[in-house]
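Inspection log for the structure reproduced underneath, given as structure tokens.
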Amino acid sequence: MTGTTGATGTRGATRTSGTTGWLEGKQLWERVPAPLVDAGLVALAALDLWLNLSDRTPRGLALAALACGALAVRRRFPLAVFLLTLPATLIQDTLVAPIAALYTLAERSRNRRLLALCATLYALATAIPWPPDHGAGFGRTWTLVDFVYTLATAAAPVLLGQLVQARRDLSQRLVEIEEAKEHERALHAQAVLTRERAQLAREMHDVVSHQVSLIAVQAGAVQVGAKDAETREAARVIRSLSVGTLDELRTMVTLLRASGGDATELTPQPTLADLHRLVASSGIEAELKGELSPTVGTPAQRALYRTVQEALTNVRKHAPGARATVELWHDGTDVGVTITNTAPTRPALPLPSAHQGLVGLRERAEILHGTFESGPTGDRGYRVRMRIPAHAD
């Protein structure tokens, strides 16, 4: 009870120090080569069996050697190795081999029922007297007590293995979250740049182009109405320069309205030909099926591309570990794309989001006189589907 009456600050400092020390020890442990760890574990299990050997018959020695040697491949076949340690556990007084195998299985398996069953099997193999007549005078009560005690002991490697598995999953999710945040920051910066370019393009088109056009018109009027040749020539030069300036302005407005991505920001809008690269670089396990004719209108191609881009981004953020299928299809005069992902294999952590991606896709579909659907599937997956006219403009 003394520990429970300590100061809160002392307990917090002790807990923090202990956690830090454990993490540092874990990092040092992970640096040790796996073959060296396995060899040391096999040697430790052999020493444990040798000191507690109760059955020195050829059968008992063979089962003990099998239990120890199997630990060398426990990382590849955790369940099989654990099952191979049970016969030795039944007839020998061993601890290291089954506990190590049970920890490895818990660290690599997500099946809680299987882990509970394996812990129970280990407790039974330890508590049941062998040979059976050897425990005749031992009593069922003590056998039951031994079983409960061993089952509680088996819970330790199972819980530790699950803790290590959760820590590994958390580390992986933190990396994925950081990558997703970086991707969102890049998209946000690109969106801000696009808005600024669009605003600048409107200003140039509505103000500067209008004024240069007036200069060209006035210069043309002077050129027609002037009486002397020198004035007409000056007006002609002014009008020619104004027309050239208008052409340059139109080119600049076109470039400013183009979506940017790289440093040059002068690349064209994406098309269906860019889908293969988009799917391959999505960062998830994705497959592209079907194809569409290159004669599909540019607005339709751009809409389908943006739909796939948004859907794959959402899969990466909200369904970690899921597989995605991107299917292009055509139906009469309409074309479309369906993106379906399976259920996530790991729990998704809440990520900051404006929840505007799917809304923007629905608005894009309505502008092109198409339809947009999204929603969960029956197997805990998610489906996104867009249909638009092939020659929408």
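The values are calculated or read from the model by the stated rules, or taken from the named source; none is laboratory data. In this text the structure is predicted, and so the values were computed from the model without any measurement. Note: ideal-geometry Cβ built from the backbone for every residue, glycine included; neighbour counts use all protein chains shown.
Quick grid of which residues meet (1) of a type outside the set (Lys, Arg); (2) in contact with a Pro (Cβ under 7 Å, 6 or more places away or on another chain); (3) free of Cβ contacts under 8 Å to residues at least 60 places away in the same chain:
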residue: Glu291; (1), (2), (3): yes, no, yes
residue: Arg302; (1), (2), (3): no, yes, yes
residue: Tyr305; (1), (2), (3): yes, yes, yes
residue: Ala322; (1), (2), (3): yes, yes, yes
residue: Trp329; (1), (2), (3): yes, no, yes
residue: Gly336; (1), (2), (3): yes, no, yes
residue: Ile339; (1), (2), (3): yes, no, yes
Failed condition for Leu102, given (1) out of contact with any Leu (no Cβ under 7 Å at 6 or more places or on another chain); (2) under 20 Å from Thr153 (Cα atoms); (3) at pLDDT below 85: (3)
First in the stretch 273-284 and touching a residue at least 24 places away in the same chain (Cβ under 8 Å) and more than 16 Å from Glu327 (Cβ to Cβ), second anywhere and surrounded by 16 or more Cβ atoms within 10 Å (Cβ to Cβ) and among the acidic types (Asp, Glu), Cβ under 6 Å, 6 or more apart: none
Residue pairs meeting the criteria (Cβ under 7 Å; at least 6 apart or on separate chains; first over 21 Å from Ile99 (Cβ atoms), in the stretch 136-159; second modelled with pLDDT under 80): Phe138/Pro129
Residue in the stretch 127-146 that is within 21 Å of Ala45 (Cβ to Cβ), touching a helix residue (DSSP H, G or I) at 6+ places or on another chain (Cβ under 9 Å) and of a type in the set (S, T, N, Q) present: no
In the stretch 117-144, residue surrounded by the most Cβ atoms within 10 Å (Cβ to Cβ) [restricted to those that are among the β-branched types (Val, Ile, Thr) and modelled with pLDDT under 85]: Thr126
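Filter the strands (runs of 3 or more DSSP E) completely within the stretch 288-393 down to those with at least 1 residues that are at pLDDT 85 or above, touching a helix residue (DSSP H, G or I) at 6+ places or on another chain (Cβ under 9 Å) and polar (S, T, N, Q).
In the stretch 288-393, 334-341, 371-376 are the strands (runs of 3 or more DSSP E) which contain 1 or more residues that are at pLDDT 85 or above, touching a helix residue (DSSP H, G or I) at 6+ places or on another chain (Cβ under 9 Å) and polar (S, T, N, Q).
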Qualifying positions in the stretch 75-126 - touching a helix residue (DSSP H, G or I) at 6+ places or on another chain (Cβ under 9 Å), of a type in the set (Lys, Arg) and assigned to a helix (DSSP H, G or I): Arg108, Arg112
Single residue of Leu66, Leu51 found to be out of contact with any Leu (no Cβ under 9 Å at 6 or more places or on another chain) and more than 19 Å from Phe147 (Cβ to Cβ): Leu51
Qualifying position, being closer than 17 Å to Asp38 by Cβ, among the basic types (Lys, Arg) and without any contact (Cβ under 8 Å) to a residue 12 or more places away in the chain, among Arg108, Arg76, Arg113: Arg76
Some residue of the stretch 199-216 being assigned to a helix (DSSP H, G or I), at pLDDT 75 or above, more than 53 Å from the chain's Cα centre (by Cα) and surrounded by 15 or more Cβ atoms within 10 Å (Cβ to Cβ): yes
